[in-house]
1. Out of residues 5 or more away from T233 or on other chains, whose amide H comes under 5 Å of its own, with H placed 1.01 Å from N in the peptide plane?
2. Between the alpha-carbon centers of segment 28-86 and segment 191-209, tell me the distance in whole angstrom.
3. For segment 226-360, what does the convex hull of the Cα positions come to per residue, in cubic angstrom?
4. Work out from phi, with θ = phi - 60° and the Karplus expression 6.51 cos²θ - 1.76 cosθ + 1.60, the ³J(HN,Hα) of each residue of segment 306-314, listed in order in whole Hz, and give x for Gly and Pro.
5. Only sites in a loop by DSSP and with at most 15 other Cβ atoms within 10 Å count here; which trypsin sites (Lys or Arg not before Pro) in segment 307-356 make the cut?
6. So what J values fall out for segment 74-86 if you push phi through Karplus, 6.51 cos²θ - 1.76 cosθ + 1.60 with θ = phi - 60°, rounded to Hz, Gly and Pro as x?
7. Ignoring any ligand, DNA or RNA, what whole percent of the accessible area of segment 178-286 comes from carbon and sulfur when the probe is 1.4 angstrom?
8. Using 7 Å Cα-to-Cβ label points, what is the E386/H193 separation (nm, one decimal)?
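The values are calculated or read from the model by the stated rules, or taken from the named source; none is laboratory data. Here the structure is a predicted model, which means the values were calculated and not measured. A quick note on method: Cβ atoms are made from the backbone with ideal geometry, for glycine too, and the neighbour counts reach across all protein chains shown. With ligands, DNA and RNA removed, areas are computed over all heavy atoms of the protein, side chains included. Shrake-Rupley method; radii C 1.70, N 1.55, O 1.52, S 1.80 Å.
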Amino acid sequence: MTHSHADLPVDAHDGLLIHLPTPVLLVRLPEGLLLQANPAAHEQLQLPAGGQPLDSLFLHSTDWRELQLRLKQGPVRQFEARLQGAHGRPVWMLLSAREQWQGDQRYLWLSLHDVSERRKREFQLQANEALHQQILTTCGEGYLQFDVATNRIVDANPAFCQLLGCSTEQVLGATLADFLAPDCPPTPLTDRHWPEQQETVRGELSMLRADRIPLTVQVQANVLRDERGQEVTRFALLTDMTERKKNEERMIYLAFYDPLTALPNRLLFHERLQQALFLLNRQGQPFALLFLDLDNFKQVNDTLGHDVGDELLREIGRRLFQAVRESDTVARLGGDEFVVLLQGVRSELAAATGAEKLLSALADPIQIGEHSLQASVSIGIARAPEDGNDASTIRKKADLAMYAAKAAGKHTYRFASE
């Protein structure tokens, strides 16, 4: 179908339209037939032939119908739709539309602006946000987002709620301080102005679950700012370290303590002895080292079994520990050998008094199941600085004195100086 210029609105053959960089279309209504298009439209769009329906230009015909419905309310300034691009790929266009009458004929002017890149960026942002939310929802670390003005929690992922054993409703609107244990060391995160002091906060928090079970949590909190440096939001990632801390504490315990008696082991005793020597050399503080060896312990193992022997060692360790002061050290070196470090012992009499307390602690029989056992121990005593001022000499002399006590009839003590 052809049309003379006289049949078209005067704007249609205005020379300015030819030079516009944005597509412009002239459509006859109500049929929706494309009458004219400027060069920019031909370059960017896959247009139907002149006189053909325009709805084929729209990727979704419903968009063309919606545009016509909006026109009944007046000119349309912004309407986004996907159209057929000139290279066979859909493009997003922002449409402006207005009607024009010439005589009894109604026409539609459409001007279009390519917003494909903007929509692509928006889609990518939406995809990234969806991915971000998916990660936060499924990750094993707890996530919290805080309100900038109040420092109250405005978002929490399922992992945090599961960690604390509470619902989302119980978390939102609360503060981090509401979940901290009473013995938790001070943390800047409870101060709503913490971003003014530091952008990132790292550390460990002691928290309480809803069922009052304590937790150790590693936290890393950060501030997000815009290009002007204004704070946009603040958030924190929290990792449950409870089991790891228990394992670490257990490893430390096993490294320094005897698992049978819970007394310090050889390694920790050696450190305590070095500390005592340091105090001796720097402050002149004397000490006594008592080397203990059980009498006839092998007979207990051989006749009653190692289980009974272990129980006997455990009870002997408990009694020895209760017989000394808090500043002293009782350690098990292994097997049936124990050692006692008495701090601040300035005389032979004080050392002898300490040894007699140990012997008295073992005076009462030890009941293990159906067996009533009498513990006997021989003690060798070396004093510092009288018998030496280094670890090797002191230990060797206490060991020799212990053998002298055994030779003297057992369950007694002897001094290295004797």
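1. Residues meeting the criterion, in which the H sits 1.01 Å from N, are L224.
2. 57 Å
3. Roughly 181 Å³ of hull volume per residue.
4. Using θ = phi - 60°, the values come out as 5, 4, 5, x, 5, 5, 5, 4, 4 Hz.
5. Values: sites: R314, R318, R319, R325, R332, R346; in loops: R325, R346.
When the trypsin sites (Lys or Arg not before Pro) of segment 307-356 are filtered for loop state and at most 15 Cβ neighbours within 10 Å, R325, R346 remain.
6. So the Karplus estimates, Gly and Pro as x, are x, x, 9, 8, 9, 8, 9, 8, 8, 10, 6, x, 5 Hz.
7. Here it works out to 50 percent.
8. 6.4 nm
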